[in-house]
Amino acid sequence: MKKNSLWNKILLWGLVLFAVFGVIYYLIGYQNLRTVSYSEVQGISASQVGAALTDGVTVDQSYTVHADYMDGVTLRFGTYADTLTQGVIHVSFLSGDEELASASLDATSLSDNEDVFFDFGQEIPITRGGTYIIRVWETEVGDTQAAAIWATDAGDGTSLSVSGSPMDDVMIYFVPSESREGHFNAWFGGVFAGLLILFVCVCLVSMRHEARDEKTPLTEIVHIFDQYSFLLRQLIDKEFAVKYRRSYLGIVWVVLNPLLTMILMSAVFSTIFRQSIENFPVYLIVGQVAFNFFNEATNNSLPTIVNSSSMIKKIYVPKYIFPLSKVMFSFVNYVITFIPVALVMIFYHIVPTINLLYLPLIMLALFMFSLGVSFILSTAMVFMRDTQYLYGLVTTLLSFLTPIFYSIDNFDATKRFIMSLNPLYQYLSIVRTCVFYGQTPTVQSVLICLVLGIVFLWIGIEYFFRKQDKFILYI
């Protein structure tokens, strides 16, 4: 009865948490993810001054859109270093001969080589893959003064004409501000329903196993928290006592270590990477603390079964508790390290946003992923002692393949795709999205992190459960 009541509590509290966080994440996501805004750069670099918008000159730029909505367009103008004293610039957005939207700007407000956004004031529905025209002209032009549009090399699906005359290999430098339908409701509804059904099914199946007194990997893990919570706390307290024994600053090193490491690495790498990464120290420490949690949790848990052989041989203790205690100790350290992260963010005037509410979910996913890997490694270590040396090489390699102190935006598409296959990249990326950039992570990116955590935890628990009865023969 006690066992069933435990799973009843898990089911009840799980449903409550699903409801609360489901509403919170829906409200945040709907506000920020219902459409995906982006800039489609048709001209990467302006190479020359194009047509001058003198009296009677009309410039038409046609291009193929890749969005569902468009709310404005940005054009780059040149004034030949003059200050314009009169003139009004007009921009129209057309589908064939039909004008869909327009905007105007006083030419006297222009500066030389300035990018100017023309706001249509609303989202204009357009057909993805269709061809549209941006028309630009100027009225009330002075006798000697007129704005000019920068030009650059032509791109695919684009063509330029000036007063009806086609131009070769030259087009307006423009950046359409577009929005693509994010299908947030469909993605959120599907993922939320799928996770909820999975959770309920796991609880119901576990209740049935408990009713039949059948031991399963999951029920054994759950009851460690219930029946051995005191021992688990003692092991975690012991980790703190041993790690900071005879240390003058003690647990303060949890805060100082990431700060000092950030300062050192920033000094080394800022001259190389800081040009492309704004507020590089913040970028660095956010990625650093997430990677350090995984690295510390897995490395510390790897020899736990072997090192606990004397206790395992003398008394019955659930073997799961040893790697679990190491990962939980590292997780507590990870939570504390957000203190220096907050300090560095305050120093660089980075204001936290409501998207920090995604952090508990991502930390839970990273915890499950790290715990699953820890179960696999601690089991493998029992049967093959070389695991610790091989994994040392793996973590060294991961420290370079994971973008802790660099951005993968510096690489080409192929390399970015290969590096995105690294699970740690997914976790570092989404933590930075919430903390560093203050943006809402997409449902897809959250799903990837959750799936990685659930899958690796399931594999680790199953592997540990199947092998644990043989531990006594090898330790």
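If residue 225 satisfies every condition in (1) within 30 Å of the chain's Cα centre (by Cα); (2) within 15 Å of residue 319 (Cα to Cα); (3) of a type outside the set (Val, Ile, Thr) but one, which is the exception?
Here residue 225 meets the rest and fails (1).
Which ranges mark the strands (runs of 3 or more DSSP E) fully within the range 22-87 that have 1 or more residues being at pLDDT 85 or above and more than 25 Å from the chain's Cα centre (by Cα)?
Values: elements: 35-39, 48-52, 58-64, 69-78.
Counting at least 1 such residues, we get 58-64, 69-78.
Would it be correct to say that residue 286 is assigned by TED's automatic domain parsing to the domain that holds residue 363, of a type outside the set (Phe, Trp, Tyr), touching a residue at least 24 places away in the same chain (Cβ under 8 Å) and more than 24 Å from residue 363 (Cβ to Cβ)? Walk me through it before giving the result.
On the way: assigned by TED's automatic domain parsing to the domain that holds residue 363: yes; of a type outside the set (Phe, Trp, Tyr): yes; touching a residue at least 24 places away in the same chain (Cβ under 8 Å): yes; more than 24 Å from residue 363 (Cβ to Cβ): no.
No: the conditions fail for residue 286.
Considering (1) under 27 Å from residue 163 (Cα atoms); (2) at pLDDT 85 or above, say which one residue 19 fails and leave the rest.
Looking at each condition in turn, residue 19 falls short on (1).
So which residues in the range 187-229 are of a type in the set (A, V, I, L, M, F, W, C), farther than 30 Å from residue 27 by Cα and at pLDDT 85 or above? Please lay out each step first, then the result.
So in the range 187-229, the residues of a type in the set (A, V, I, L, M, F, W, C) come out as 187-188, 191-193, 195-205, 207, 211, 218, 221-222, 224-225.
If we keep only those that are farther than 30 Å from residue 27 by Cα too, we end up with 205, 207, 211, 218, 221-222, 224-225.
Selection gives 205, 207, 218, 221, 222.
Look at residue 345 and say whether it is assigned by TED's automatic domain parsing to the domain that holds residue 254 and within 19 Å of residue 460 (Cβ to Cβ). Walk me through it before giving the result.
Values: assigned by TED's automatic domain parsing to the domain that holds residue 254: yes; within 19 Å of residue 460 (Cβ to Cβ): no.
Taking the combined requirement at face value, the residue does not satisfy it.
Out of the range 96-141, which residues are exposed (fewer than 15 other Cβ atoms within 10 Å of the Cβ) and touching a helix residue (DSSP H, G or I) at 6+ places or on another chain (Cβ under 9 Å)?
140
Consider residue 273 against the criteria (1) modelled with pLDDT under 95; (2) within 16 Å of residue 371 (Cα to Cα): it satisfies all of them except one. Which criterion is unmet?
It fails just one condition, (2).
Could you please find all residues in the range 364-420 being under 18 Å from the mean Cα position of the chain (by Cα) and aromatic (Phe, Trp, Tyr)?
If the condition is that a residue be under 18 Å from the mean Cα position of the chain (by Cα) and aromatic (Phe, Trp, Tyr), then 367, 369, 405, 406, 411, 417 are the ones that fit.
Among (1) among the β-branched types (Val, Ile, Thr); (2) part of a helix (DSSP H, G or I); (3) within 18 Å of residue 233 (Cα to Cα), which single condition is residue 317 missing?
Among (1) among the β-branched types (Val, Ile, Thr); (2) part of a helix (DSSP H, G or I); (3) within 18 Å of residue 233 (Cα to Cα), residue 317 violates only (2).
Quick check on my filter: what residues within the range 300-350 are surrounded by 13 or more Cβ atoms within 10 Å (Cβ to Cβ), within 28 Å of residue 386 (Cα to Cα) and among the hydrophobic types (A, V, I, L, M, F, W, C)?
Residues satisfying the conditions are 302, 305, 306, 312, 317, 321, 322, 324, 327, 328, 329, 331.
Just to be sure before I move on: is residue 413 free of Cβ contacts under 8 Å to residues at least 12 places away in the same chain, small (Gly, Ala, Ser) and over 30 Å from residue 473 (Cβ atoms) in the structure I sent? First the steps, then the outcome.
On the way: free of Cβ contacts under 8 Å to residues at least 12 places away in the same chain: yes; small (Gly, Ala, Ser): yes; over 30 Å from residue 473 (Cβ atoms): yes.
Criteria met by residue 413.
Could you list, in sequence order, all residues of the range 88-135 that are of a type in the set (A, V, I, L, M, F, W, C) and outside any strand (DSSP E or B)?
Initial filter on the range 88-135 (of a type in the set (A, V, I, L, M, F, W, C)): 88-89, 91, 93-94, 100-101, 103, 105, 107, 110, 116-118, 120, 124, 126, 133-134.
Listed by number, the residues that qualify are 107, 110, 126.
Is there a residue being farther than 20 Å from residue 375 by Cβ, aliphatic (A, V, I, L, M) and assigned by TED's automatic domain parsing to the domain that holds residue 280 anywhere in the range 217-235?
No - not one qualifying residue is present in the range 217-235.
The values are calculated or read from the model by the stated rules, or taken from the named source; none is laboratory data. Nothing here was measured: the structure is a model prediction, and the numbers come from that model. No Cβ is skipped: glycine too gets one built from the backbone with ideal geometry, and neighbour counts run over all protein chains shown.
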